[in-house]
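Written below as structure tokens is the structure these notes are about.
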Amino acid sequence: GQQVQQSPASLVLQEGENAELQCNFSSTATQLQWFYQSPGGSLVSLLSNPSGTKHTGRLTSTTVTKERRSSLHISSSQTTDSGTYLCAIETGFASALTFGSGTKVIPCLP
Amino acid sequence: DPKIIQKPKYLVAVTGSEKILICEQYLGHNAMYWYRQSAKKPLEFMFSYSYQKLMDNQTASSRFQPQSSKKNHLDLQITALKPDDSATYFCASSQEGPGRGNTLYFGAGTRLSVL
């Protein structure tokens, strides 16, 4: 089965709304990283958060290692947040990051 | 300025031909990687290198051969191209090798179309 599962697959967000993206993984993660992929395809690292809670700007990630899950909270969303958010984990020595399928954030235009 | 340079940005090839995708990183990192992203599929890990040595290869086909001439270079040679090879190929790097909890940084990708 898929090692990293993300939900929802897509999300429509109105400007100013908050959103919570979920990442569940089937193996113990020694590293967990959230990425943003722009509509043009470029990939940007947002947060590295293998455990606990981390903040950067309007983003908060909470990872509960024992429960093999992580969330990414986007507060006060903006239209520029649209794109795909990817969760990726490392599962041990010499293992590279394995990615989930992502959550696509779609702006709700007035 | 981009710190991980991939060339070319776009590439069109005919079935059966051979192409080389170029990647150079100027982050001073010791590990480099190749990932592939096909339409509607997650990013797939292909290769990892640490200090110019192959760490892991998750590519089933020997048609894909990474080449590391310098620590900050990791090119990808693809032979006998097939239409199924059409994808965006991303190069990435990290300070230390895979499995060490490093942050991964990506290049802008090379979009390959095989006709």
Can you pull the mean other chain C-beta count within 10 Å for peptide B:104-110? 4
Treat chain A as a sphere of radius equal to its Kirkwood radius over Cα pairs and apply Stokes-Einstein at 25 °C in a medium of 0.890 mPa s; give the translational diffusion coefficient in µm²/s, rounded to a whole number. 176 µm²/s
For region B:38-103: span of alpha carbons on each principal axis (Å, largest first): 34, 27, 18
Of all GluC sites (Glu not before Pro) in region B:15-66, which ones are in loop regions per DSSP and have a Cβ with at most 16 other Cβ atoms within 10 Å? B:18
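Considering the convex hull of the alpha carbon atoms of the protein assembly as shown, report its projected area averaged over all viewing directions, in nm², one decimal.
12.5 nm²
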Given backbone amide H placed at 1.01 Å from N, residues whose amide H is under 5 Å from that of residue A:47, ignoring those fewer than 5 places away on the same chain, are A:34
Around residue B:56, which amide H atoms from residues at least 5 apart in sequence, or from another chain, sit under 5 Å from its own amide H, with H modelled in the peptide plane? B:48
Take the Cα atoms of region A:29-90, build their convex hull, and give its volume per residue in Å³. 72 Å³
Just grab the label-to-label distance for residue B:103 and residue B:73, each label 7 Å out from Cα along the Cβ direction, in nm (one decimal). 2.8 nm
Using just the Cα positions, wrap region B:15-65 in a convex hull and report its mean projected area in square nanometres, one decimal place. 4.7 nm²
So for the pair residue A:109, residue A:53, with labels modelled 7 Å out along Cα→Cβ, what separation do we get in nm? 3.6 nm
Over all Cα pairs of chain B, the Kirkwood radius sets Rh, and Rg/Rh then becomes 0.95
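Averaged across the residues of B:93-100, what count of C-beta atoms belonging to other chains lies within 10 Å of each residue's C-beta? Please report the intermediate quantities before stating the final value.
Working: counts 0, 4, 0, 0, 3, 8, 10, 6.
Mean shielding count: 4.
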With bins of 5 Å, the percent of all Cα-Cα pairs of region A:1-50 per bin from 0 is 5, 14, 20, 27, 23, 9, 3, 0
No other cysteine beta carbon under 4.7 Å away is the test; run it over the protein assembly as shown and list who passes. A:108
Computed ³J(HN,Hα) along region B:101-115: with the Karplus parameters 6.51/-1.76/1.60, θ = phi - 60°, integer Hz and x for glycine or proline, the list is x, 7, 7, 9, 10, 10, x, 7, x, 10, 8, 9, 10, 10, 9
Can you give me the C-alpha center-to-center distance between region A:46-110 and region B:38-68, rounded to a whole angstrom? 24 Å
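Where a number appears in this text, it was derived from the coordinates with a stated rule and is not lab data. Remember, predicted model here, so these are calculated numbers, not experimental data. Methodologically, a virtual Cβ is constructed for each residue, glycine included, from the backbone with ideal geometry; neighbour enumeration extends over all protein chains shown.
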